[in-house]
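Comments concern the structure below.
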Amino acid sequence: MNKIALYIHIPFCIKKCLYCDFHSFRFDVSLFHQYTLALIKELELRLNRDYSVKSIYLGGGTPSILPLENLERIVNTIYRLTKLEENLEFTIEVNPGTINEEKLMVYKNLGINRISIGIQSLIDKELKLLGRIHSSSEALTALDISVKAGFSNINVDLIYGIPNQTLESWKDTLEKILKRYITHLSIYGLMYEPGTLLYKSFIRGKITPMPEDLELEIFNTTQEILDKYGFSWYEISNYAKDGYECRHNLTYWKGEEYLGFGSSAHSLMGNVRYSNTPNIKAYIELLNRGKSPKIWSEKLSPFERAKELVILGLRLRDGISLSDIYMKTGIDIEEIFGRNIEKLISQELIYRRGDKIALTDKGRLLGNLVFGEFF
Ligand code: SF4
């Protein structure tokens, strides 16, 4: 029986954040219903009881703007069509501006057992600069009501590197979050993605990115503070209390199989990777005609698969086992990339223990240099 992870994409948001290049659109009530029906049709087309689901992840976009009856229909369809592992991890991403106690209670009753809250910062002027729809006090309320609703597995997303952010404002955000009950933290550096409004402001010289030395100071301070609160890093940008590592996201980093549903969602089964159309209207129309929304697929060669396992696996604190990759793909990474591995070891960007290689602290900061050696 295939153990798999399920990803469900909800591509709607109240308003586009200024830095966001995810597949998400301003919410359109008229599309909710049609999109939900299409999603249910896709689940019916592709899911079956040969799968055993170890994790479900409702991501976006903003899944918490979905009306509860739509969400219930989607979740009940999954439960009807497939088998669930006993220790299923079931996450929903929520935006603090779109959540309340009633919704959280319904999530809990539906079997959702992990909440991921996009807080990003607890400084109102930083939230404004990012174009977030919520205030810092709404963000803290979202956290408090999640605990009150009985969730014991809670992730918070934070962003550093925001223009005009200081070491003090970052520490203030981090400490306020850590003093509350959370089990997982995802911390990402702000990216200036072409096509976003933030990028335009940057190109026009209206905002200045954070200087690199301050970013480094923030990175080091973050480690110290998180240690104090019992959080360890297990992936370049992710920290957890012991036993609360995100099982769904580990599936991606370990190169294991997953099925993605919804517009633009990706899947990986065996050596085949494929994705759905990103066009919401086309997605709905195709499914209304009983057709697959898949528009792209590629079969990875053993070499491509091995490279992918290296690049994704090196993101993890545990790193990669070269013999494990050989068993999975038949590719001897050392034979092909031996020199690159030696170079990275001599630069103290990775270290080797037995047949395993993993990032050093320095390598974690300069991850792109490491991954670049395996392209
Ligand atoms: S809420 Fe998330 S997905 Fe939606 S626009 Fe903001 S960053 Fe993008």
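Can you pull the Kirkwood radius for the stretch 178-250, inverse mean 1/r over Cα pairs, to one decimal in Å?
Working: mean 1/r = 0.0694 Å⁻¹.
It is 14.4 Å.
Which values of log₁₀ I(q)/I(0), to two decimal places, follow from the Debye formula for the stretch 1-75 at q = 0.24, 0.27 Å⁻¹ with a uniform point scatterer at every Cα? Each listed q corresponds, in turn, to -1.14, -1.31.
How large is the convex hull of the Cα atoms of the stretch 1-45 per residue, expressed in Å³ as a whole number? Intermediate results must be reported in sequence, preceding the final value.
On the way: hull volume 3.8 nm³, N = 45.
Output value, Cα hull per residue: 85 Å³.
In order along the stretch 88-99, phi translates into HN-Hα couplings of 3, 9, 10, 10, 10, 7, 10, 9, x, x, 10, 10 Hz, rounded to whole numbers, per the Karplus curve 6.51 cos²θ - 1.76 cosθ + 1.60 with θ = phi - 60° and x for Gly and Pro. Dipole check for the chain: with +1 at the C-beta of Lys and Arg, -1 at the C-beta of Asp and Glu, and the Cα centre as origin, the magnitude is about 980 Debye. Over the stretch 295-335, what is the mean sequence separation of C-alpha contacts under 8 Å (at least six apart), divided by residue count, expressed as relative contact order in percent? Reported as a whole number, the value is 38 percent.
Computed about its Cα centre, the charge dipole of the stretch 1-122 is approximately 140 debye, with only Lys, Arg, Asp and Glu carrying charge at their Cβ. Across the chain, C-alpha contacts under 8 Å between residues 6 or more apart give a mean separation that, scaled by the residue count, equals a relative contact order of 15 percent.
Average 1/r across all pairs of distinct alpha carbons in the stretch 239-375, invert it, and you get the Kirkwood radius: 16.7 Å.
Stokes-Einstein D for the stretch 310-372 at 10 °C, 1.306 mPa s, Kirkwood Rh over Cα pairs, in µm²/s?
Numbers: Rh = 11.6 Å.
Answer from the Stokes-Einstein relation: 137 µm²/s.
Taking amide H as placed 1.01 Å from N in the peptide plane, the amide H of S24 sits under 5 Å from none that are at least 5 places away or on another chain.
Any idea what the relative contact order of the stretch 310-372 is, in percent, if you count C-alpha pairs under 8 Å spaced at least 6 apart?
Details: 69 pairs, mean separation 21.7, N = 63.
34 percent.
How large is log10 I(q)/I(0) at q = 0.09 Å⁻¹ when the Debye formula is applied to the Cα atoms of the chain, each weighted equally and without solvent? Cα-only, vacuum Debye calculation for the chain: -0.55.
Largest first and in whole Å, give the semi-axes of the stretch 1-146's equivalent ellipsoid, each being the square root of 5 times a Cα gyration tensor eigenvalue.
Working: eigenvalues 158, 57, 36 Å².
Here the semi-axes work out to 28, 17, 13 Å.
Cross-link pairs exceeding 25 Å in C-alpha to C-alpha distance, out of K16/K291; K254/K299; K241/K362; K148/K241; K3/K328, comprise K16/K291.
Using R0 = 41 Å, the C-beta based FRET efficiency linking D172 and L31 works out to 0.60.
Taking every DSSP beta bridge that has both residues in the stretch 2-253, what percent is antiparallel when rounded to the nearest 5?
Values: 6 of 38 bridges.
The antiparallel proportion sits near 15 percent.
Read-outs: derived from the displayed coordinates by stated rules, not from any lab. Treat the numbers as computed from the prediction; the structure is a model and nothing was measured. Here Cβ is always computed from backbone atoms with ideal geometry, including for glycine, and neighbour counts include all displayed protein chains.
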